[in-house]
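These notes are about the structure you will find just below.
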Amino acid sequence: MEIILPNNKVLRGDLTPLVIKRTDLTAVPSTLECLIRVDNELNEFIQEGEIISLAEKDLKYRIIATSKQGDGIRTQGNPDYTLTKVIAILDSCHQIAFAKQKAIIKENTNFSTIYRACGATIGVSKDIKVRRFSCYIGSPPSFQIQQALQREAATIVWDGKQTIAFTRLRDLFEQPPKEILQQDCTQEFISGFVERHEIPAYYSNTENGDVITSTTKLGRGADFAMFADKQILNNLSTYLIQRKVWTTRLTPNINAGDIIEVEHKKYVIITATHLFSQFDAGSGSQLSRFWLGELSNMVNKTK
């Protein structure tokens, strides 16, 4: 995977022994983690706040952290390189991750409007109404956006290019699969114990003081949700639960939000990672790993 510096220079492959591109169903939907061999000439471009790009689709990432991993690494006879770990996030969404100096409060609006108010510039191909959103001074909007999405049983799906879609969790399973596995070659993870602890039931109260609850199974924890009707309570109890991990050949066109069908059952990708490593960085491999999930069956029906 080629990395382009702010001066439009393409880094040589031997200077990037490890590159990992990650996509998630989160407010900042893609991150880039890499090891770069940096000398005095490159040092000014590998700094926090600088923009690096992936040549494959001209995707721009903003560096948010760097750390030196070692000194005096010899590359092509030059011992003056410093191995530097770089973490970068999708530039068009980077403002979502930073604490705000003023409060952002919206009611009865769209998620795209909230994204714009929080500083994101990425395009939106599909939108959802949100009843209430609040991000107070000193808080990063990313967490509050995830909370607002959960109240609508929805998530964010990045197309791997320049747009995102706000999508209901149930709608994810209506799309055709990107890959079909006739035989299950995944690692499986199933724990009713963990599910009962991590996915609570929710309750709230009406204006006249009556207590209302989500339609959930018994034997769960319980959390209070403010300003919630029955539908929101059910939405809060609708989750994607990780069930499988699939490691396969490099398939960078598959990302979080896509569907993998395993033995005639659909799973949505919660997290996707694509790894490129040189032989001197370990085994020297190119592979993709996907964390697959299914919808929680706690709620009988969510519109």
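None of the figures in this text is laboratory data; all of them are computed from the coordinates on show. As the structure is a computational prediction, the values presented were derived from the model and not from experiment. Neighbour counts run over all protein chains shown; Cβ positions are idealised from the backbone, glycine included.
Can you list the HN-Hα couplings for region 144-155, worked out from phi with the Karplus curve (6.51, -1.76, 1.60; θ = phi - 60°), rounded to whole Hz and with x for Gly and Pro?
Residue by residue, region 144-155 yields 5, 5, 4, 5, 5, 5, 5, 5, 9, 6, 10, 8 Hz.
Given the DSSP H assignment, sum -39500 (n - 2.57) over each helix run of at least 4 residues in the chain and divide by its residue total; what's the result at 222 nm in deg cm²/dmol, nearest 500? Show your work: numbers first, answer last.
Values: 6 runs with 40 residues, N = 303.
After summing the helix terms and dividing by the residues of the chain, the value is -3000 deg cm²/dmol.
Please list, in order along region 14-27, the HN-Hα scalar couplings obtained from phi with the Karplus expression 6.51 cos²θ - 1.76 cosθ + 1.60 (θ = phi - 60°), rounded to whole Hz, x for Gly and Pro.
6, 8, 10, x, 8, 9, 10, 9, 10, 10, 9, 8, 10, 4
What list of ³J(HN,Hα) values in whole Hz, one per residue of region 120-133 in order, does the Karplus curve 6.51 cos²θ - 1.76 cosθ + 1.60 (θ = phi - 60°) give from phi, with Gly and Pro shown as x?
Calculated HN-Hα couplings, in order: 6, 10, 5, x, 10, 9, 8, 10, 9, 6, 10, 7, 8, 9 Hz.
Using the Kirkwood formula on the Cα atoms of region 3-92, what hydrodynamic radius do you get, in angstrom to one decimal?
On the way: mean 1/r = 0.0754 Å⁻¹.
13.3 Å is the Kirkwood radius here.
Can you sort Val245, Val130 so the residue with the fewest Cβ neighbours within 10 Å comes first? Could you put the intermediate results ahead of the total?
Numbers: Val245 14, Val130 22.
So the ranking, lowest neighbour count to highest, is Val245, Val130.
Based on the Cβ-Cβ distance from Met226 to Arg116, what FRET efficiency comes out when R0 is 30 Å, to the nearest 0.05? Intermediate values should be presented prior to the final figure.
Numbers: r = 26 Å, r/R0 = 0.86.
Between Met226 and Arg116 the formula returns 0.70.
Under 5 Å between amide H atoms, partner at least 5 residues away or on a different chain: which partners does Lys126 have, H built in plane at 1.01 Å?
Phe166
Strictly over 23 Å apart at the Cα level, which of Lys102/Lys161; Lys161/Lys265; Lys21/Lys68; Lys9/Lys161; Lys85/Lys244 would you flag in this model? Intermediate results must be reported in sequence, preceding the final value.
Details: Lys102/Lys161 30 Å; Lys161/Lys265 28 Å; Lys21/Lys68 20 Å; Lys9/Lys161 21 Å; Lys85/Lys244 29 Å.
Correct reply: Lys102/Lys161; Lys161/Lys265; Lys85/Lys244.
Rounded to the nearest 0.05, what FRET efficiency do Lys85 and Asp127 give with R0 = 41 Å and r taken as the Cβ-Cβ distance? Could you check?
Numbers: r = 37 Å, r/R0 = 0.89.
Step by step, r from the Cβ atoms, then E = 0.65.
Would you list Asp210, Asp127, Asp24 from fewest to most Cβ contacts within 10 Å?
Working: Asp210 8, Asp127 16, Asp24 21.
So the ranking, lowest neighbour count to highest, is Asp210, Asp127, Asp24.
Please give the FRET efficiency for Asn108 paired with Asp58, using the beta carbon to beta carbon distance and R0 = 35 Å, rounded to the nearest 0.05.
Efficiency at R0 = 35 Å is approximately 0.45.
Hey, any idea what Rg/Rh is for region 1-157, computing Rh the Kirkwood way over Cα pairs?
Rounded to two decimals, Rg over Rh is 1.07.
Which values of log₁₀ I(q)/I(0), to two decimal places, follow from the Debye formula for region 98-171 at q = 0.16 Å⁻¹ with a uniform point scatterer at every Cα?
Relative scattering, expressed as log10 I(q)/I(0), comes to -0.53.
Binning at 20 angstrom from zero up to the longest distance, how are the C-alpha pair distances of the chain distributed in percent?
Once binned at 20 Å, the Cα pair distances of the chain give 29, 53, 16, 1.
How do Ile114, Ile156 rank when sorted from fewest to most other Cβ atoms within 10 Å of their own Cβ? List each step's numbers first, then the result.
Details: Ile114 22, Ile156 26.
Exposure proxy ranking, most exposed first: Ile114, Ile156.
Relative contact order (percent) for the chain, with alpha-carbon contacts under 8 angstrom and 6 or more residues of separation?
Working: 705 pairs, mean separation 51.2, N = 303.
Once divided by the residue count of the chain, the mean separation gives 17 percent.
Using the basic label-point model (7 angstrom from Cα toward the beta carbon), what is the Lys161 to Val211 distance in nanometres?
Taking the two extended label points, one gets 5.1 nm.
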